[in-house]
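Down below is the structure, laid out as structure tokens.
Read the figures in this text as sums done on the coordinates, not as results from a lab. Every value quoted in this text rests on a predicted model; they were computed, and no experiment measured them. Heads up, the Cβs are rebuilt from the backbone with ideal geometry, glycines too, and the neighbour counts pull from every protein chain shown.
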Amino acid sequence: MKLDETFWSERYRQQQTGWDAGAVTTPIKTYIDQLSDKSLRILVPGCGYGHEVRYLHDKGFTQVQVIDISPEPLAALRPQCPTWPDTAFVHGDFFAHQGAYDLILEQTFFCALDPAQRPDYARKMHDLLVPGGKLVGVLFNVEFDKQGPPFGGTAAEYEEYFRDLFRFKIFEPCYNSIKPRAGNEMFIMLEKPGK
């Protein structure tokens, strides 16, 4: 299975978007609600329909960049964030993206990638964050019975990818997951050293 633009665009066209919660999820919403600096440079990779992106827009954040390998969800998301420039919406490959961010939000992007890419994901997140920048979000903490996407995993596995690159601020079971994911998620806040 090649998890490329064609694969994901077809999933959107066929409305096979079981990962989409339909609204910003509680862990991400709760985290965003405690942010006071609306000028934070934020990246949302693999944004999909971007419910958390729309929430950031509606809360007044001004420097948000979103990227998705498929143009389908970006076309749906763009009109919902009318105060942001077109350049905030990037159709492209996350691994080729360049930038410098204070915060990267993780919401069902990691689990959509081929697990062989996980070490590259960790390094790319490190590269995209400024010193003191944070990778924040949720990861599945469960092994799935069937082949993904989504792809599951365990906290012990994830720790291997991140431990040499980040300071672990929070890395624990998620207490406020949405009901369908309760007991199967962990919340992470990983900080790039240097500040």
**Message:** Just want the answer: with Cβ charges of +1 for Lys and Arg and -1 for Asp and Glu, which residue in Pro73, Tyr49, Gln63 is farthest toward the dipole's positive end in the stretch 28-94?
**Reply:** Gln63
**Prompt:** Could you give the nm distance between label points at Asp127 and Lys169, where each point is 7 Å from its Cα heading toward the beta carbon?
**Reply:** 2.3
**Prompt:** Tell me, what is the percent relative contact order of the stretch 85-195, built from C-alpha pairs under 8 Å that lie six or more residues apart?
**Reply:** 29
**Message:** Defining a contact as two alpha carbons under 8 Å apart and six or more residues distant in sequence, what relative contact order in percent does the chain show?
**Reply:** 19
**Computed [θ] at 222 nm, helices only, for the chain once each DSSP H run of length n ≥ 4 contributes -39500 (n - 2.57)** = -7000 deg cm²/dmol
**Fill in**
To the nearest 0.05, the calculated FRET efficiency linking Glu159 and Ala100 through their beta-carbon distance, R0 being 35 Å, is 0.85
**Request:** Please report, in debye to the nearest 20, how large the charge dipole of the stretch 1-154 is about its Cα centre when each Lys and Arg carries +1 at its beta carbon and each Asp and Glu carries -1 there.
**Result:** 220
**Item:** Share, in percent, of DSSP beta bridges within the stretch 89-195 that are antiparallel, nearest 5
**Value:** 70
**Item:** Cα centroid of the stretch 144-192 to Cα centroid of the stretch 103-131, whole Å
**Value:** 12
**Request:** Counting only DSSP beta bridges with both residues in the chain, tell me the antiparallel percent, nearest 5.
**Result:** 45
**Asked** Which semi-axes, in whole Å and largest first, does the equivalent ellipsoid of the chain have when worked out from the alpha carbon gyration tensor as the square roots of 5 times its eigenvalues?
**Response** 22, 21, 17
**Request:** Would you be so kind as to identify all helices of the chain, as entire DSSP H runs, whose Cα atoms reach 30 Å or more along the helix's own axis and whose mean Kyte-Doolittle hydropathy is at least 1.6?
**Result:** none
